[in-house]
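Q: One structure coming up, written as structure tokens, with questions to follow.
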Amino acid sequence: MSVVDRRPIRPARRPATLGRVIEVRELTKRYGATKAVDGLSFAVGPGCVTGFLGPNGAGKSTTMRAVLGLDRPTSGEALVGGRRYAEIPRPMHHVGALLDASAAHGGRTAYDHLRVLARSNGIGDKRVVAVLEEVGLAGVARRRVGALSLGMRQRLGVAAALLGDPGVLLFDEPVNGLDPEGIRWIRRLMRSLAAEGRTVLVSSHLMGEMALTADRVVVVGRGKLILEASVRELSDRFRRDVLVRTPRPAELTAALRAAGATVREEAGALLVRDLDAPGIADLAAAARLPVHELTPRGASLEEAYLELTDDSVDHRAGGTDR
């Protein structure tokens, strides 16, 4: 039975206005002698998808749990709309989250699981039916949670996050267990939610997927903030090459190398490193060499992420350099 919903994502009503911003302020969380989060500060605003990135053990899940009041900070605070989660009345109307798709009673049906959550926050049964339709689970609503595939349980977790039509959403590794169609669906969903003016924070280890989904990133390592920037700013910061097309590649290559640049050929073009685009243009003009294209190329999100977090990785596979 297919559970793919190809209809455009639309909310049942306008999102609640409370709690449009996530703020983490000097957050520290200790477990015994271990610091899972260490003086972490960042903010997540509405209208964009923010990727929460870092190696295993970087403190991402602990931070999300602190935002949701599931872990008490050792010091500092995590706020939603200026309030602690515990201070928000009927919080599902303001904050939705998917942290663990397995956190549902296996003996309940998908419908009953959502109905129990809905009742706790004064949400009617019609909304339960609506979110099951929205995530493509209407056809298995009466199936027990324990009999659902991992991908279906992920969708059920998304449905629970959407129950209160909240203005703030947190997703921890939401594509786990989803097939390619499901991954495309969750990507469209998150971008649609952000386009409606909601605040969306999503953690993931799939850099290729984050490159297609996120507008901004918060990168952490060993519980500390490494970088907070837009995806474009991150790519520009780790710019690698300048792509150059010219009808006289041999002559331009010689001139560039004489100026100290590194040049390699790729698909009929030159990839130039160690000299920026204005410098290449000036050199070509001085040598009277025509240039048909001059395009700076940033690093991929994966390349930038790996370079940023290189010193924060605790476990490496054998055979690596470090």
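Q: Which of the helices (runs of 4 or more DSSP H) contained wholly in the stretch 137-255 include at least 1 residues that are within 30 Å of residue 271 (Cα to Cα)? Can you show your working first?
A: Details: elements: 150-162, 180-195, 207-213, 231-237.
Those helices (runs of 4 or more DSSP H) span 207-213, 231-237.
Q: Kindly indicate whether any position in the stretch 255-273 is surrounded by fewer than 16 Cβ atoms within 10 Å (Cβ to Cβ), of a type in the set (Asp, Glu), under 22 Å from residue 231 (Cβ atoms) and modelled with pLDDT under 95.
A: So far as the stretch 255-273 goes, no, none of its residues is surrounded by fewer than 16 Cβ atoms within 10 Å (Cβ to Cβ), of a type in the set (Asp, Glu), under 22 Å from residue 231 (Cβ atoms) and modelled with pLDDT under 95.
Q: Right, next: Which one of these is over 27 Å from residue 170 (Cβ atoms), part of a strand (DSSP E or B) and either within 21 Å of the chain's Cα centre (by Cα) or without any contact (Cβ under 8 Å) to a residue 40 or more places away in the chain (or both): 264, 288? I'd like the intermediate steps shown before the answer.
A: Details: 288 fails: part of a strand (DSSP E or B).
Answer to the check: 264.
Q: Something else: If you go through the stretch 169-209 one residue at a time, how many are under 23 Å from residue 305 (Cα atoms), surrounded by fewer than 20 Cβ atoms within 10 Å (Cβ to Cβ) and among the acidic types (Asp, Glu)?
A: Of the residues in the stretch 169-209, 2 are under 23 Å from residue 305 (Cα atoms), surrounded by fewer than 20 Cβ atoms within 10 Å (Cβ to Cβ) and among the acidic types (Asp, Glu).
Q: Please determine whether any residue of the stretch 159-176 is over 23 Å from residue 190 (Cβ atoms) and free of Cβ contacts under 8 Å to residues at least 40 places away in the same chain. Please lay out each step first, then the result.
A: Here is the first cut: in the stretch 159-176, the residues over 23 Å from residue 190 (Cβ atoms) are none.
No, every residue in the stretch 159-176 fails to be over 23 Å from residue 190 (Cβ atoms) and free of Cβ contacts under 8 Å to residues at least 40 places away in the same chain.
Q: Same structure again: Here is a list of conditions, (1) in a loop (DSSP other than H, G, I, E, B); (2) touching a residue at least 40 places away in the same chain (Cβ under 8 Å), and residue 275 meets all of them except one; can you say which number that is?
A: (2)
Q: Please state which of the following conditions residue 320 fails to meet, knowing it meets all the rest: (1) in a loop (DSSP other than H, G, I, E, B); (2) of a type in the set (Ser, Thr, Tyr); (3) at pLDDT 85 or above.
A: All conditions pass for residue 320, except number (3).
Q: Inspect all residues belonging to the stretch 71-82 and state whether any of them is of a type in the set (Ser, Thr, Tyr), touching a helix residue (DSSP H, G or I) at 6+ places or on another chain (Cβ under 8 Å), at pLDDT 95 or above and surrounded by 14 or more Cβ atoms within 10 Å (Cβ to Cβ). Before the answer, list the steps.
A: Pass one, the stretch 71-82, residues of a type in the set (Ser, Thr, Tyr): 74-75.
Filter once more, keeping what is touching a helix residue (DSSP H, G or I) at 6+ places or on another chain (Cβ under 8 Å): none.
No, the stretch 71-82 contains no residue that is of a type in the set (Ser, Thr, Tyr), touching a helix residue (DSSP H, G or I) at 6+ places or on another chain (Cβ under 8 Å), at pLDDT 95 or above and surrounded by 14 or more Cβ atoms within 10 Å (Cβ to Cβ).
The values are calculated or read from the model by the stated rules, or taken from the named source; none is laboratory data. Just so we're clear, the structure is a prediction, and the values are computed from it rather than from any experiment. As a convention, Cβ positions derive from the backbone with ideal geometry for all residues, glycine included, and neighbour counts pool all protein chains shown.
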